[in-house]
Structure formats: structure tokens, C-alpha cells
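**Student:** Submitted below is the structure of interest, expressed as C-alpha cells.
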Amino acid sequence: MAKVDANPVVFFCAECRTPVRQRGTQYTGEIGDRIRSEQVCFNCAFWREKAEHADRFVRIDGDCYHVAEEGKPSLGSYGFGGREFVIEMNDGRRVLTHNLWHNGRIPSHFRVRLPDNARFVRKG
């Protein structure tokens, strides 16, 4: 008797071709809507959102960061524990922050849409 897959493939991600075994119904809000409507995996839905709003994110050496508002902890804490970072954007602007959040390593298939736009510099 053939074994029945209890969690069969529902679709293959439109971005990375990963088999998706759930319809995204466990996710609510925009990310769940995107998974279902665009037929992408959670990971690609996350990175598509970042690519659509690329101007809101700092990208350094293939990693993506969000500079959150100074003095406004998220869920009671600051990114990187409040450590100070100086970031120089490709256009020459410098950003000083104590509230930097790491979004993760940008997958290779999103790097064209999310190229590096800054670098870390020493204060001074």
C-alpha cells in the first residue's frame, strides 16, 4: 500500500521554486495575503516586501537592516541592545543609531533588487 503524504505540496514558490506544503492560512495580515495571492513561500514573501520598500532599509555586505526610531524601543528593547552604529549611505549621508535591527541575510535571488546601499564606518 502506498504511503499518503499527510502534507502534500500545494504549490511551488513563484520566486525560489521551493515546494510550499501549506496555503499560508496560518499567517495573517499582509504576509498571509501575499503568500496566498502571489503563491510564494514565507521567506520570499518577506523579502518581496523588503524589495518593494527598499528605500526604508539599509543593506550592507548582503545583509539587510532597519534603522528604528531613536528612543523608541521595540517590544521593550533596542536593536543590538542599544549599541551605537555609524552608517554611511552610498549618497554620502551618515546615520548614527542606537536602534539598529538586523532583518537577515538577503537571499541571492533578491540581491539584484536589494543591492548594498551603505557601509558601516567608525565614529569620527
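**Student:** Of all residues in the stretch 65-124, how many are within 30 Å of CYS16 (Cα to Cα) and assigned to a loop (DSSP other than H, G, I, E, B)?
**Tutor:** Number satisfying all stated conditions: 11.
**Student:** Still on this structure, I have one more. What are the residues in the stretch 56-100 that are farther than 15 Å from PHE120 by Cα and among the aromatic types (Phe, Trp, Tyr), if any?
**Tutor:** Within the stretch 56-100, the subset farther than 15 Å from PHE120 by Cα is 56, 68-79, 81-82.
Once the filter is applied, which keeps residues that are farther than 15 Å from PHE120 by Cα and among the aromatic types (Phe, Trp, Tyr), the stretch 56-100 yields only TYR78.
**Student:** Going by the structure shown, is VAL40 in the same structural domain as PHE11 (by TED's automatic domain parsing) and surrounded by 18 or more Cβ atoms within 10 Å (Cβ to Cβ)? Walk me through how you get there before you give the answer.
**Tutor:** On the way: in the same structural domain as PHE11 (by TED's automatic domain parsing): yes; surrounded by 18 or more Cβ atoms within 10 Å (Cβ to Cβ): yes.
Judged against the criteria, VAL40 is a match.
**Student:** Does the stretch 35-93 hold any residues that are free of Cβ contacts under 8 Å to residues at least 24 places away in the same chain and either of a type in the set (Asp, Glu) or closer than 19 Å to ALA118 by Cβ (or both), and which are they?
**Tutor:** If the condition is that a residue be free of Cβ contacts under 8 Å to residues at least 24 places away in the same chain and either of a type in the set (Asp, Glu) or closer than 19 Å to ALA118 by Cβ (or both), then GLU49, GLU52, HIS53, ASP55, ARG56, GLY79, PHE80, ARG83, ASP91, GLY92, ARG93 are the ones that fit.
**Student:** What are the pairs, 6+ residues apart or on separate chains, where a residue within the stretch 94-122 that is in contact (Cβ under 8 Å) with a residue 12 or more places away in the chain has its Cβ under 8 Å from a residue that is hydroxyl-bearing (Ser, Thr, Tyr)?
**Tutor:** HIS98/TYR78; ASN99/SER74; ASN99/TYR78; LEU100/TYR65; TRP101/TYR65; TRP101/SER74; HIS102/TYR65; ASN103/TYR65
**Student:** Looking at (1) surrounded by 11 or more Cβ atoms within 10 Å (Cβ to Cβ); (2) under 30 Å from VAL9 (Cβ atoms), which is the one condition that is false for VAL67?
**Tutor:** So VAL67 meets the others, but not (2).
**Student:** On to the next question. Checking VAL86 against (1) at pLDDT below 95; (2) over 28 Å from PHE42 (Cβ atoms), which single condition isn't satisfied?
**Tutor:** That leaves (1) as the condition not met.
**Student:** Please tell me if ARG48 is within 11 Å of the chain's Cα centre (by Cα), surrounded by 15 or more Cβ atoms within 10 Å (Cβ to Cβ) and assigned to a strand (DSSP E or B). First the steps, then the outcome.
**Tutor:** Values: within 11 Å of the chain's Cα centre (by Cα): yes; surrounded by 15 or more Cβ atoms within 10 Å (Cβ to Cβ): yes; assigned to a strand (DSSP E or B): no.
So ARG48 does not fit the description; no.
**Student:** Kindly provide the set of residues from the stretch 63-92 that are in contact with a Leu (Cβ under 9 Å, 6 or more places away or on another chain) and small (Gly, Ala, Ser), ordered by number. Give the derivation first.
**Tutor:** Step one: list which residues in the stretch 63-92 are in contact with a Leu (Cβ under 9 Å, 6 or more places away or on another chain), which gives 64-68, 70, 78-80, 83-87.
Listed by number, the residues that qualify are ALA68, GLY79.
The values are calculated or read from the model by the stated rules, or taken from the named source; none is laboratory data. Since the structure is predicted, the reported quantities are computational estimates derived from the model, not experimental observations. Methodologically, a virtual Cβ is constructed for each residue, glycine included, from the backbone with ideal geometry; neighbour enumeration extends over all protein chains shown.
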